[in-house]
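Down below is the structure, laid out as C-alpha cells.
The values are calculated or read from the model by the stated rules, or taken from the named source; none is laboratory data. Keep in mind the model is a prediction, meaning the values are calculated, not measured. As a convention, Cβ positions derive from the backbone with ideal geometry for all residues, glycine included, and neighbour counts pool all protein chains shown. These area figures cover heavy atoms from the full protein model, side chains too; ligands, DNA and RNA do not enter into them. Shrake-Rupley method; radii C 1.70, N 1.55, O 1.52, S 1.80 Å.
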Protein chains: 2
Amino acid sequence: VQGTILIIDGVATNRIMLKVQLSSAYYRVIQAEGLDGILSLVRRSRPDLIIAAMTLPDGDATAIRSLLAPDESLRAIPIIAVTGQNDRASRLRALASGIDDVLSQPVGDRILQARIRSLISMRNSTDDLRLRDGTSRALGFAEPVSEFVAPAQIALVTREARTGTLWRTELKGHVSHHLRPYRLDELGGLVSRSHAADVIVIEVSEDPDDPGLRLLVDLRSRFNTRHAAIIAVPSTADYHLAADALDRGAHDTMPLGFCAEELSLRLATQLQRKAQSDKLRKTVRDGLRAAVLDPMTGLYNRRYAIPQLSKIALLAEESNKNFAVMLLDLDHFKLINDRFGHPAGDAVLTETAARLQALMRPDDLIARVGGEEFMIVMQNTDTTAAVTAAERVCRTINSKPYHLNGHKTPIDVTTSVGVVVGPTLPFATQHCAREKRTEDLIGQADRALYESKGAGRNQVTLIGSAA
Amino acid sequence: VQGTILIIDGVATNRIMLKVQLSSAYYRVIQAEGLDGILSLVRRSRPDLIIAAMTLPDGDATAIRSLLAPDESLRAIPIIAVTGQNDRASRLRALASGIDDVLSQPVGDRILQARIRSLISMRNSTDDLRLRDGTSRALGFAEPVSEFVAPAQIALVTREARTGTLWRTELKGHVSHHLRPYRLDELGGLVSRSHAADVIVIEVSEDPDDPGLRLLVDLRSRFNTRHAAIIAVPSTADYHLAADALDRGAHDTMPLGFCAEELSLRLATQLQRKAQSDKLRKTVRDGLRAAVLDPMTGLYNRRYAIPQLSKIALLAEESNKNFAVMLLDLDHFKLINDRFGHPAGDAVLTETAARLQALMRPDDLIARVGGEEFMIVMQNTDTTAAVTAAERVCRTINSKPYHLNGHKTPIDVTTSVGVVVGPTLPFATQHCAREKRTEDLIGQADRALYESKGAGRNQVTLIGSAA
C-alpha cells in the first residue's frame, strides 16, 4: 500500500506541477478539478491525504470537510489547502473549517513533504489498530469521541519569560483553557508531573544553540509528556524550521510565527486529535481486559483462569506452600431457567458472582468457567482452611433465597462444591508437564464435585490431599 | 514518573559530572560504584536506563546484561557504556554483550541526550501496553519472543550506488541476511512493496542538500516501512549528525561511520527488538479478537453477537429487508455432562459449533450465547427461508450421532430451536430504543425456543412475523 494523495485544483498546470512533485516522492496521485462528485471519488479512491486549491471552480476548499462528513470513515482524512495569497483572514477561515494547514503557492518542497509525512504518519499509527468492523463495534472502537469540553492544560514554552507572558495575554481572549508559561531552560515541572499539559506550545528558533527543537524531541520521549500534543512555533516566520519541527515529531506548527487567533484554532484541532488517540488507547486496554472477563458476571473467564491456576500451582510447589482449587456447580440450574425464564437464570448467575466476591479474600481467584460453573483458587490454603472456605461458599448460596426483579417469591438456590488441595505432586516434578497437570488438578476437583452431586447436592466433597 | 537513570562508575568525579549533566535534563539519578549487588539495586530502583563505565572496580560493563538476565522484567533495560579509549575491539565486545551503545569520555551532551531520549522512548512505547500480570499471561504477552532465525531483509540505502555495493560485500562475511542496496534517490521499491525490509540501514551526511535525514523521517511515516528498524550511518564519523538522526526517529546509529562487524552486531539487536514489537502488536490484535470469541468453540460470543444483531436489525429496517434470529438450546445437555463427564460435554459443544459452521452461509452470524445455547442471525431471509434453515439446523444435530474421543458408543444429541423473523417493528421507529428492541427480539426468539422445549424438544417453533 503506497500513500495515495488526491489533488483538487481547477488549474491544470497547478495539478501537473504538484503531481510531479508528489510522484517523485513515491506517492500515488489522483486528481479532481473541483468539488463536484468529490464524496464518491473519495469513497472509491480512499486517499490518505487531500491537497486542494483554496479557490475552486465550483466553490472553496473550506467546503471539503463538511462534504466528507456524511461518511464516518472519511471524516478524518487530512486536508492541506494551497492558496495564491496566504492572507490571514482566509487562513483562519480554512483552519476553522477543519483544514489541517494552509500553504502558499509556490509550495516549498521541504514544508510540503514534512507536513505530508507528519499527517500521514499520525493516520497510520491509528490504522495499526483498525479491526474488523464487528469487533470494533463490540469493543466500543466505533463510538464517536465527544467534543473536548473541560478546559485543557496548555503549556507555553518559550525562550524568554516575557514571550510566554505575552502569548498568554493574547491567547486569553480566544480560549478558556488553563495557560501556563514555562521557560525553555526550566521544564522540570512539565516533565516531572503527570498531566501537566494536554498541549505543549513550544518556541523554536534557527539559532543552533537554541534547545527548542531538541526539547521538542525530549518532551515526546518523556513518560509524562509523551501523549501531549506538541505545536512548534518558529520565533519568526520560517518554513524550513517549521518543517524541521514536524520531522522531529511536532504534531503541528505555525510556519508564520505566533498569532493568537490561529493558535486557538490549531489548539482546538490538536485537542480533538488527542482526545481521539487517548480514547483509542483506552479502548485497546479495555478490550484486552474484556478478553479475560466473563461479560455477564464480570468474573474472570476460563481463558484467564486456567493459565493463572497453572502459575499458582507452580509457585506453590516452588515455595512448598499449599493451595486449594474449588469447583462449584449450581444445583438444578436448568430448572430455574425452565421455570422462571432465562433472564431469571442470568440474574441468579450475577447474584451468585456477587455473593462469591463478597465472601472471598481479594487475593482469591474467582472465575466463571462454564454456564453455571465457577472456579475458586486460594493461595496459601491448607486442607482445613479449604474445607472451611468451601462450606462457607455453600452457605453463602443456600442460606439466603435469591430475590429477583419481577419475581415476588424469592428462589432457593444451592450449589455443590468439589475441593482439591495442592500441591498434588511433589516439588521438582518436570515443568514440561505443567499443562497436563493443571488439567489433572481440575479433573480431580471435577470428580469431587460429582461426588457432591451424587451424594444429594448442596454439599462439599474434598478429594485427595497435598503431597 | 520521571525518567530514572542508574550510573555505575568506580570513579567518584565521573559519577558527579554525569549526574550534573543528567539532573539538569530533569532525570532522576541513582549511583553505584561497581557490579556488586547490582541486581538487587536495579530490582529496587527500577531504572529506565543504565550508564556504566566500561571498566569497573570489580569487573567490566559487559557483565551487566547477564547479571540482570535472571529477572525477566529487567532484561530489556537499555545500557550505555562509557569508555576512556573507544577502541574498536572493546566496542565490539560491548555490543556483543548486549550493551546498546558505547560512548567515549568526555561524553558529548548532544549525542548522550539524543541516545537517552531514543532508548527511553522505545521503552515507553511498549510500556503503554503493559497490562496486569494475569491478563498478560492469559493473552500471551508474557511468552518469550524466539530468536530471529530466518534470514532477514536488509535494505542498504546510500547516496552513491558503489557505497551500497561496498557495504554489501563487506557485510556478507558477517551476516546471512538478504542484503539489498538502494540509491537514496530511488526508494520507490522500498516504499511501494510490503515487507521489502526488516531493517533499513541509511547513509546520512552533513551536506544540507543531502536527503538522507529527511528520507529517514519519510521511511518512518510510510505504510510499508513504518515498522522497519532504521539504523543511520553518518558518511564520516560525526556525533552531532548521529544525534540528529536519533532525534528524527532512527532506532540506532553508528556515530563513527560504517564498520561491517559493528553493523552486524547492531543488526542483530535491532532484529530482536523488531521481533519483540511485531509480536506485541500481534498479541494486541489477537487479544482484542479474543475478546469477541468464545474460547471453547471459536464461535463469536455474546459480547459480539448482541451489538451485531442490533446493527443487522437496523440495516434491515432501513433497507426494508427481512432477517431471521434463531436461538438453539441443546436438549438434555445436563444429562450428557452428568453421564459422560464434562470433557464429553465440551466435545459435544465443539462438535455442534463445527456442524453449524459447516451448514450455515459465510455471512450468517453464529454465536455461543450461553452454556449450551447458540444464536444464529441470517440477513435477507424471509419466513419460509428461516423455517427451512432452522429445520436444517435441527437435522444437522439429530441426524448423525456424535462420536466422542474415548467413548465407544456414539451419543445422540438433539436441539430445540426458536425462530423470529424481523423487522418486527416498521421502519422509522425511533433509534433511541435500539437496545430495548434488540432485547425484545431475543426475548421473542427465547419464547419460541421454550415452546419447542414444551412441545417435546428436537423441533422448531416460529413466533411472530415480519411487520
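Can you pull a Stokes-Einstein diffusion coefficient for the stretch B:334-411 at 20 °C (1.002 mPa s), Rh from Kirkwood over Cα pairs, as a whole number of µm²/s?
For the chosen part, D equals 156 µm²/s.
Ranked highest first by average number of other Cβ atoms within 10 Å, how do B:20-28, A:105-113, A:323-331 line up?
A:323-331, A:105-113, B:20-28
Net charge around A:E33, counting only other residues with Cβ within less than 11 Å of its Cβ (Lys, Arg = +1; Asp, Glu = -1)?
On the way: positive: A:R15; negative: A:D9, A:D36, A:D58.
So the environment of A:E33 carries a net charge of -2.
Convex hull volume of the Cα atoms in the stretch A:10-54, per residue, in Å³?
Taking only Cα atoms, the stretch A:10-54 has a hull volume of 72 Å³ per residue.
Report in % the part of the accessible area of the stretch B:1-130 that belongs to carbon and sulfur, leaving out ligands and nucleic acids; probe 1.4 Å.
54 percent
With the convex hull built on the Cα atoms of the stretch A:200-299, state its orientation-averaged projected area in nm². Before the final figure, lay out each step's value.
Details: hull surface 31.9 nm².
Computing the convex hull of the Cα atoms and averaging its projections yields 8.0 nm².
Per residue and in Å³, how big is the convex hull formed by the alpha-carbon atoms of the stretch A:121-251?
Taking the convex hull of the Cα positions in the stretch A:121-251, it is 133 Å³ per residue.
Given that compact globular proteins tend to follow 2.2 N^0.38 Å, what is the ratio of the alpha-carbon Rg of the stretch A:164-215 to that value?
So the stretch A:164-215 has a normalised radius of gyration of 1.24.
Taking a quarter of the surface of the Cα convex hull of chain A, what do you get in nm²?
Value for chain A: 31.0 nm².
Rounded, prolate or oblate for the stretch B:10-123? Axes are the square roots of the Cα gyration tensor eigenvalues, ordered a ≥ b ≥ c, and the cut-off for rounded is a/c under 1.5.
Judged from the Cα gyration tensor, the stretch B:10-123 comes out rounded (a/c under 1.5).
Which lysines, on any chain, are close to B:K334 with Cα under 18 Å apart, when same-chain ones fewer than 8 places away are left out?
A:K334, A:K453, B:K453
Averaged over B:248-259, how many beta carbons belonging to a partner chain fall within 10 Å of each residue's beta carbon?
1
Treating the stretch A:194-233 as a set of equal point scatterers at the Cα positions, no solvent, please give the Debye-formula log₁₀ I(q)/I(0) at q = 0.32 Å⁻¹.
So the normalised log intensities are -1.09.
What distance in nm separates the two pseudo spin-label positions at B:C259 and B:D87, each 7 Å out from Cα along the beta-carbon direction?
Those two pseudo-labels are separated by 1.2 nm.
Over the stretch B:294-428, give the accessible area per residue in Å² for a 1.4 Å probe, as an integer. Could the numbers behind the result be given before it?
On the way: 5760 Å² over 135 residues.
With the other protein chains kept in place, the stretch B:294-428 gives 43 Å² per residue.
Sticking to Cα atoms, compute the Rg of the stretch B:309-467 to one decimal and its Dmax as the biggest Cα-Cα distance, whole number, in Å.
16.4, 57
Among all the aspartates and glutamates, which ones have a C-alpha under 19 Å from A:K321's C-alpha, if same-chain residues fewer than 8 places away are not counted?
Leaving aside aspartates and glutamates fewer than 8 places away in the same chain, those within reach of A:K321 are A:D363, A:D364, A:D382, A:D440.
Just report the Cα centroid separation between the stretch B:152-209 and the stretch B:41-62, whole Å.
Spelled out, the Cα-based centre of one part sits 35 Å from the other.
Roughly how many nanometres apart are two label points built 7 Å out from the Cα toward the Cβ at A:R193 and A:S176?
Going from the A:R193 label point to the A:S176 one covers 2.2 nm.
If you take every residue apart from A:S205 with its C-beta less than 9 Å away from the C-beta of A:S205, what net charge results, scoring Lys and Arg +1 and Asp and Glu -1?
Spelling it out: positives minus negatives among the neighbours equals -4.
Can you list residues from other chains, or at least 5 along the same chain, whose modelled amide H is less than 5 Å from the amide H of A:T253?
A:A232
Find how many whole Å separate the alpha carbon centroid of the stretch A:269-283 from the alpha carbon centroid of the stretch B:263-308.
A separation of 22 Å, based on Cα centres.
Enter the mean number of other protein chain beta carbons within 10 Å of the beta carbon of each residue in A:289-298, as an integer.
Counting other chains' Cβ atoms within 10 Å and averaging over A:289-298 gives 5.
Take the Cα radius of gyration of the stretch A:297-350 and divide it by 2.2 N^0.38 Å, with N its residue count; two decimals is plenty. Working shown, then result.
Values: Rg = 16.4 Å, N = 54, 2.2 N^0.38 = 10.0 Å.
With N residues counted in the stretch A:297-350, Rg over 2.2 N^0.38 Å equals 1.63.
Over 18 Å between Cα atoms: which of A:K274/B:K279; A:K274/B:K311; A:K311/A:K436; A:K274/B:K282 fall into that group?
A:K274/B:K279; A:K274/B:K311; A:K274/B:K282, as the Cα separations exceed 18 Å there.
Accessible area per residue for the stretch A:79-120 in Å², computed with a 1.4 Å probe and the full protein assembly in place, what is it?
In whole numbers, the stretch A:79-120 has 32 Å² accessible per residue.
Over the stretch B:182-319, what relative contact order in percent results from Cα pairs under 8 Å that are six or more residues apart?
RCO, the stretch B:182-319: 17 percent.
Near the axis that takes chain A to chain B, which A residue has its beta carbon closest, and at how many Å?
A:G371, 1
Got the B:D346 label distances to the other copies yet, label 7 Å along Cα→Cβ, in nm, shortest first?
With the label placed 7 Å along Cα→Cβ, B:D346 yields 2.6 nm.
Going 7 Å from Cα along the Cα-Cβ axis for the label, what nanometre distances separate B:D440 from the same residue across the other copies?
Those separations, rounded to one decimal, come out as 5.7 nm.
Work through the residues other than A:L263 whose Cβ is under 13 Å from its Cβ and net out their charges, Lys, Arg +1 and Asp, Glu -1.
Cβ neighbours under 13 Å give a net charge of 0.
Please name the residues of the stretch A:320-367 whose accessible area, counted over protein heavy atoms with a 1.4 angstrom probe, falls by no less than 20 Å² between the chain alone and the full protein assembly.
Residues passing the criterion (a loss of at least 20 Å², heavy atoms only) are A:K334, A:D338, A:H342.
For the pairing of chain B with chain A, what total accessible surface becomes buried, with a 1.4 angstrom probe, in square angstrom to the nearest 100?
About 6500 Å² of accessible surface is lost on pairing.
Please average, across the residues of A:180-189, the number of beta carbons from any other chain that are within 10 Å of each residue's own beta carbon, and give a whole number.
1
Can you list the copy-to-copy distances for B:H174, using a point 7 angstrom from Cα toward Cβ, in nanometres, shortest first?
Distances between equivalent label points, in nm: 5.2.
Using only the Cα atoms of the protein assembly as shown, construct the convex hull and provide its projected area averaged over every direction, in square nanometres to one decimal. Numbers along the way, then the final one.
Working: hull surface 175.4 nm².
Mean shadow area of the hull around the Cα atoms is 43.8 nm².
Between B:L184 and residues 5 or more places away or on another chain, which pairs have amide H atoms under 5 Å apart, with H built 1.01 Å from N, and which residues are they?
Residues meeting the criterion, in which the H sits 1.01 Å from N, are B:T158, B:R159.
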